[in-house]
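Structure first, then comments.
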Amino acid sequence: MSIDSLELSAVAFRARQSDSPSGWSPVRRNYAAVRLADGTVLTARSIGKKPVEIELLERLASRGASARIVEIYSERQPSVAAEVALTRAGVDPGAVSYTAEFFDMEGEPTADDLRELALLNNASVEVLRAMIRDAEGFPDGKAEFGPFAATVDAVGERLGRAGYVVFPEQERGTEPGVEIVVDQLEDEGRGVYLSWFVGEPLNSRVVQAFADNQLDDSALAEAGEIKQHKLHELAVALMKERVLTEDLQDNCSPYTLRVTGIR
């Protein structure tokens, strides 16, 4: 089967798999595929906080009329900025499709807005994560972190000394704890991420409430409050253990710290 005959969602997922052939792919990255007026199909992934749709539009800017987008799929709903960019590029809103909702707003959000967006996007990310992991299957053997292994081991050891239960995402069980995620597409010093897993009972409630469109369900707020509290607690504990971190403040990966250095 040629790539031209595939659904764009399948093309985007194939690109995700191709980027991470030996294990799970980074859920925080958004993958997209477009079909152009001349029949060409292209894929892209998000880089940093730049929306993947804008990444594609920038790549297509110099290609002329043949590069007109007739169909685009992205794993996450385009952000407000991406929607504006697609409209300016002449993309029909009816030609845009996605799998997971992305909660965003125009203008400068207040602190309350940011809290609301984070807890909604956290729920959406957990639903998307489950779909991606089901499609990828479980990697054989123990998680391998390549050039990031030393950082993962050091962070795990120091958090263990501070009394935390620590595990890679691949070993997520039912109990709460610090979850380590590695993005092997990142530079070596910036690819290790930490978040608090709230435990399977609460996480399942979040996923079910979101799937049922019950966005005012107390589980979403409860999970968000726990994760936000633990985010600050972890940052302080890690600083005492001489591990430097930064809060991503990224709604594609809410309530997440990035490890930036170890002393």
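The values are calculated or read from the model by the stated rules, or taken from the named source; none is laboratory data. This structure is a prediction, so every number in the text was calculated from the model and none was measured. Note that each Cβ is placed from the backbone with ideal geometry, even for glycine, and that neighbours are counted across all protein chains shown.
Here are the numbers for this structure:
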read-out	value
Candidates LEU234, LEU194, LEU202, filtered to the one that is part of a helix (DSSP H, G or I) and either buried (at least 20 other Cβ atoms within 10 Å of the Cβ) or within 17 Å of the chain's Cα centre (by Cα) (or both)	LEU234
Residue among TYR31, TYR73, TYR98 that is at pLDDT 95 or above, touching an Asp or Glu at 6+ places or on another chain (Cβ under 9 Å) and surrounded by fewer than 21 Cβ atoms within 10 Å (Cβ to Cβ)	TYR98
Residue identified as more than 22 Å from ARG45 (Cα to Cα), touching a strand residue (DSSP E or B) at 6+ places or on another chain (Cβ under 8 Å) and either charged (D, E, K, R) or modelled with pLDDT of 95 or more (or both) among GLY156, GLY163	GLY156
Yes/no for ALA209 being in contact with a Lys or Arg (Cβ under 6 Å, 6 or more places away or on another chain), farther than 20 Å from ALA154 by Cβ and in a helix (DSSP H, G or I)	no
Qualifying residues in segment 35-90 (those that are touching a Phe, Trp or Tyr at 6+ places or on another chain (Cβ under 8 Å) and part of a strand (DSSP E or B)) - the one nearest to LEU120 (Cα to Cα)	ARG76
Number of the condition not met by THR99 [criteria: (1) of a type in the set (S, T, N, Q); (2) more than 17 Å from SER195 (Cβ to Cβ); (3) in contact with a Pro (Cβ under 9 Å, 6 or more places away or on another chain)]	(3)
Condition met for GLN170 (modelled with pLDDT under 95, part of a helix (DSSP H, G or I) and under 17 Å from the mean Cα position of the chain (by Cα))	yes
Residue in segment 132-151 that is under 30 Å from GLN214 (Cβ atoms) and crowded, with 18+ Cβ neighbours inside 10 Å present	yes
Any chance GLU200 is of a type outside the set (S, T, N, Q) and touching a Ser or Thr at 6+ places or on another chain (Cβ under 7 Å)	yes
Unmet requirement for ALA95, which otherwise passes all of (1) over 22 Å from ILE132 (Cα atoms); (2) of a type in the set (Gly, Ala, Ser); (3) touching a helix residue (DSSP H, G or I) at 6+ places or on another chain (Cβ under 8 Å)	(3)
Selection within segment 207-263 - in contact (Cβ under 8 Å) with a residue 24 or more places away in the chain, over 23 Å from GLU101 (Cβ atoms) and among the aliphatic types (A, V, I, L, M)	LEU234, ALA237, LEU238, VAL243, LEU257, VAL259, ILE262
